[in-house]
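I have placed the structure first, in the form of structure tokens, so that the comments after it can refer back to it.
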Amino acid sequence: VTHLTEELGIRLPIVLAPMAGDPSTPQLCAAVSNAGGLGSIGCGYAKADRVRELIRATRALTDRPFAVNLFVPLAAEAPSPAVVEAVHRALAPFRAELGLPEPDGVPQPAEPVWEQQVAVVLDERVPVLSFTFGVPDLAALDCFTIGTATTAAEAVALERAGVDAVVAQGAEAGGHRGGEGLIGTMALVPQVVDAVSVPVVAAGGIMNGAQIAAAIAVGAEAVQLGTAFLATPESGAAPAYKRALRDGFETVVTAAYTGRPARAIRTSLIDALEAAGARADYPLQGALTADLRAQRDRADLQLLLAGEGAPLVRELPAAELMRELERELVTTTRPA
Ligand SMILES: Cc1cc2nc3c(=O)[nH]c(=O)nc-3n(C[C@H](O)[C@H](O)[C@H](O)COP(=O)(O)O)c2cc1C
């Protein structure tokens, strides 16, 4: 038992990573919370009404604490027509093969509004709000807050802003990068632990109980696992995505799909966009690639966000995976 688990009212130092988009479901979140961890729902792409629906659907499945995760908004640059054109050109062969229509013009991505999302989280009395992509204004946020850092300096900025805990996201981590750093989890966690006095949650590449014990040994009070839960039946990832994880030894950090750096399994779509140097900013790049990302039966086109531990993924129901992680953690830490 660590201080953080006591404060959060959870039995195990395991946080389910929020995974905005398909993978995060109320079923997955509730299964982890019911098993004694802290479930999360990734609501970064969800408008306020949808955030409320997801919270209520989760509450119907668990009375344990869970977290809602949001994306801190960033100012987006005005789109350049030449860049949009270059992206369309790089994607044309894929669309031709699938018989998808050639898009014309610049799409207008409709971003959810942070203030409206936060208002729902507070109104629904969700106990924990976690977020990534920066340092928001935390005044008047009457809940436990967790920010994401990829360097010690980012963690210090989050602590100064008033977060209650920080996630130290190592380079191995699947998904979007929460900051500028690309430091391995084992190297990053002790740096962040030294730099801040709030509890640190280690994230990135952790797939089993021995790794959880290792993260705790270097100062983390809990761990956050994403990729490990992607192949559970409760995860909403497409079957082709789940199958690709076992072969996912080649992950890359790329901004090709969404305009923001993220670790994902290498696909031919990444190769084509990187080779063409065709990339608009977030969120426009995501809108430009949306029709191809939506091909749920095509593992070569989808955005296969995954960490470097992907080949260790287990296709177990989330409750069973939690039991295994607990068993491995106890076995690793029990004196021989
Ligand atoms: C599919 C996927 C989606 C993710 N989406 C989010 C998200 O919406 N918000 C967030 O803070 N982190 C997100 N992450 C990053 C996780 O919070 C965490 O840093 C990462 O999963 C840890 O590395 P691991 O995947 O090796 O366990 C995502 C990760 C994955 C794999």
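Each value in this text was obtained by applying a stated rule to the coordinates, not by laboratory testing. Keep in mind it's a predicted model, so treat the numbers as computed, not measured. Neighbour counts run over all protein chains shown; Cβ positions are idealised from the backbone, glycine included.
Side notes on the structure shown:
- A Förster radius of 25 Å, combined with the Cβ-Cβ distance separating ALA290 from GLU315, puts the computed FRET efficiency at roughly 0.35.
- Rg/Rg_ref, the stretch 1-42, where Rg_ref = 2.2 N^0.38 Å and atoms are Cα: 1.15
- Cβ charges +1 (Lys, Arg) and -1 (Asp, Glu), total dipole of the stretch 42-167, debye: 340
- Amide hydrogen neighbours beyond the local backbone of GLY39, cut-off 5 Å, H modeled: LEU16, SER33, ALA67
- Expected 222 nm ellipticity per residue - DSSP helices of 4 or more, -39500 (n - 2.57), all of the chain, to 500: -11000 deg cm²/dmol
- Peptides 137-144, 99-106 ranked from most to least packed give 137-144, 99-106, packing being the mean of other C-beta atoms within 10 angstrom over each peptide's residues.
- log10 of Debye I(q)/I(0), alpha-carbon scatterers only, for the stretch 1-78 at 0.14, 0.15, 0.24, 0.25 Å⁻¹: -0.46, -0.51, -1.05, -1.10
- Cβ-derived FRET efficiency at R0 30 Å, ARG125 paired with GLU6, nearest 0.05: 0.90
- Residues in the stretch 250-261 carry Karplus couplings, in order, of 9, 9, 9, 9, 9, 9, 4, 7, 10, x, 10, x Hz; the curve used is 6.51 cos²θ - 1.76 cosθ + 1.60 with θ = phi - 60°, and Gly or Pro positions show x.
- FRET efficiency for the GLU102 to ALA82 pair, using the beta carbon distance and R₀ = 22 Å, is estimated at 0.80.
- Each pair of Cα atoms in the stretch 180-229 enters the Kirkwood radius, and Stokes-Einstein at 20 °C and 1.002 mPa s then converts it into a translational diffusion coefficient of 195 µm²/s.
- Here the label points at GLU324 and LYS47, each 7 Å from Cα along the C-beta direction, are separated by 3.9 nm in the simple model.
- Percent of Cα pairs exceeding the 35 Å cut-off, where the set is the chain: 17
- Per residue, the convex hull volume that the Cα atoms of the stretch 73-181 enclose (Å³): 166
- Across the options GLN285, ILE265, LEU301, the greatest Cα extent toward the positive end of the charge dipole of the stretch 263-304 (unit charges at beta carbon of Lys, Arg, Asp, Glu) belongs to ILE265.
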